[in-house]
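> One structure follows; several queries about it will come next.
The values are calculated or read from the model by the stated rules, or taken from the named source; none is laboratory data. Quick caveat: nothing in here was measured; it's all calculated off a predicted structure. Positions of Cβ are backbone-derived with ideal geometry, glycine not excepted, and every protein chain shown enters the neighbour counts.
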Amino acid sequence: MGLVVGMALGVAGALMQSLTRNPLADPGILGVNAGASFAVVLAVALTGVSGISFYLWFAFAGAAVAATAVYALGAAGHTQATAVRLALAGVAISAALQALTDAVILSDQAAYNEFRFWVAGSFEGRGWDILLVVAPFIAVGLALALLLAPALNALALGDETGRALGVRVARARTLTMVAVTLLAGAATAAVGPIGFVGLAVPFLSRWLVGTDQRWVTVFSALLGPVWLLVADVLARVLVRPDEVQVGIVASLIGAPIFILIVRRRQVAAL
């Protein structure tokens with residue numbers, strides 16, 4: 001589960017950063033994970049059905065709606081959403097959705113019992129039955145990411161240049177958002193919201209291999225599982241014999257990367 005989810009979150013972050021040309025883009029920061037989480041918790045609270053085959057579809061819907069809302073808010077009043085505006089819009093929407101998620105969980109005992117660990121990002125109790133449900137969607141998302149890499153390289157030069165190189169801009173952007181929704185939505189449905197993996201892993205990948213999206217995608221798929229499994233090991237040993245949720249540790253070790261990117265003024269570097 002750690003391998004698959006780490007791969008999904010790393011590649012989803014790489015896609016979002018390339019699509020928005022924003023090194024601060026991440027499924028956690030831009031509200032995608034929070035949207036998926038809220039939709040899942042709300043669906044379970046309203047229906048009482050807690051099987052992942054049921055609420056996975058709500059995770060996809062919540063992820064897509066949240067991503068669209070963040071981009072619309074970040075671009076409001078401007079011709080193009082800036083990196084900082086997208087980050088601020090994502091933080092605002094994530095905070096609001098997290099508050100709503102907490103309110104639903106605390107008001108519904110069944111939802112609380114089902115998601116009290118999941119909502120912090122946890123591998124606890126997430127076995128093969130869950131992995132087998134989400135794996136096909138993550139596989140499709142990864143395949144799309146690899147196929148879209150050349151188009152995203154062209155779009156990095158600008159929309160007009162991309163069109164001149166034969167890229168169908170609207171189609172490429174739509175498919176990229178579909179891939180992000182599949183990857184982030186499935187990962188969140190499986191283990192809960194885990195932040196900063198999609199921010200730090202593509203940043204490290206670009207540092208290692210440059211800006212070619214093909215290599216960034218491959219290295220993000222390799223480094224994502226490493227990052228998340230290191231966080232899981234730390235979560236198991238930091239407060240032994242107890243255990244911290246992996247989402248908490250992943251955020252703690254990813255936050256310094258976020259601060260580093262901002263302090264180095266690389267928010268307009270992509």
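> Cβ-Cβ below 8 Å, separation at least six or inter-chain, first residue in the range 46-59 and under 15 Å from residue 101 (Cβ atoms), second of a type outside the set (Asp, Glu) and outside any helix (DSSP H, G or I): which pairs?
Qualifying pairs under 8 Å: 55/49.
> Which one is nearest to the chain's Cα centre (by Cα), of the residues in the range 143-181 that are small (Gly, Ala, Ser) and surrounded by 16 or more Cβ atoms within 10 Å (Cβ to Cβ)? It would help to see each step written out before you state the result.
To start, the set of residues in the range 143-181 that are small (Gly, Ala, Ser) comprises 143, 145, 149, 151, 154, 156, 158, 162, 164, 166, 170, 172, 179.
Next, from what is left, pick out any that are surrounded by 16 or more Cβ atoms within 10 Å (Cβ to Cβ): 145, 149, 151, 154, 156, 162, 172, 179.
Numbers: 145: 14, 149: 18, 151: 21, 154: 23, 156: 21, 162: 26, 172: 19, 179: 11 Å.
Looking at residues that are small (Gly, Ala, Ser) and surrounded by 16 or more Cβ atoms within 10 Å (Cβ to Cβ), I get 179.
> Can residue 148 be described as in contact with a Phe, Trp or Tyr (Cβ under 8 Å, 6 or more places away or on another chain) and not acidic (Asp, Glu)?
In short, no.
> Another question, then. Kindly indicate whether any position in the range 207-214 is of a type outside the set (S, T, N, Q), surrounded by 24 or more Cβ atoms within 10 Å (Cβ to Cβ) and modelled with pLDDT of 90 or more.
Taking the range 207-214 first, the residues of a type outside the set (S, T, N, Q) are 207-210, 212, 214.
Still in the list and also surrounded by 24 or more Cβ atoms within 10 Å (Cβ to Cβ): none.
No, the range 207-214 contains no residue that is of a type outside the set (S, T, N, Q), surrounded by 24 or more Cβ atoms within 10 Å (Cβ to Cβ) and modelled with pLDDT of 90 or more.
> Right, another one. Return the total of residues in the range 107-149 being closer than 26 Å to residue 17 by Cβ and either without any contact (Cβ under 8 Å) to a residue 40 or more places away in the chain or among the charged types (D, E, K, R) (or both).
Going through the range 107-149 one residue at a time, the tally reaches 5.
> Restricting the first residue to the range 3-23 and requiring it to be among the charged types (D, E, K, R) and assigned to a helix (DSSP H, G or I), which pairs with a second residue that is at pLDDT 90 or above and surrounded by fewer than 24 Cβ atoms within 10 Å (Cβ to Cβ) meet a Cβ separation below 9 Å and a spacing of at least six or different chains?
none
> What number goes with the only condition from (1) more than 27 Å from residue 98 (Cα to Cα); (2) at pLDDT 85 or above that residue 241 does not pass?
Checking residue 241 against (1) more than 27 Å from residue 98 (Cα to Cα); (2) at pLDDT 85 or above, the one that fails is (2).
> Residues that are polar (S, T, N, Q), closer than 19 Å to residue 24 by Cα and in contact (Cβ under 8 Å) with a residue 12 or more places away in the chain: find the helices (runs of 4 or more DSSP H) completely inside the range 151-209 holding 2 or more of those.
169-191
> Okay, moving on. Please tell me if residue 66 is surrounded by fewer than 24 Cβ atoms within 10 Å (Cβ to Cβ), of a type outside the set (Val, Ile, Thr) and assigned to a helix (DSSP H, G or I).
On the way: surrounded by fewer than 24 Cβ atoms within 10 Å (Cβ to Cβ): no; of a type outside the set (Val, Ile, Thr): yes; assigned to a helix (DSSP H, G or I): yes.
No.
> Does the range 223-238 contain at least one residue that is charged (D, E, K, R) and closer than 17 Å to residue 16 by Cβ?
Of all residues in the range 223-238, those charged (D, E, K, R) come to 232, 236.
Narrowing further to those that are closer than 17 Å to residue 16 by Cβ: none.
Among the residues of the range 223-238, not one is charged (D, E, K, R) and closer than 17 Å to residue 16 by Cβ, which makes the answer no.
> Hey, residue 130 hits all of (1) surrounded by 12 or more Cβ atoms within 10 Å (Cβ to Cβ); (2) in contact with a Phe, Trp or Tyr (Cβ under 9 Å, 6 or more places away or on another chain) but one; which does it fall short on?
Tallying (1) surrounded by 12 or more Cβ atoms within 10 Å (Cβ to Cβ); (2) in contact with a Phe, Trp or Tyr (Cβ under 9 Å, 6 or more places away or on another chain), residue 130 fails exactly one: (2).
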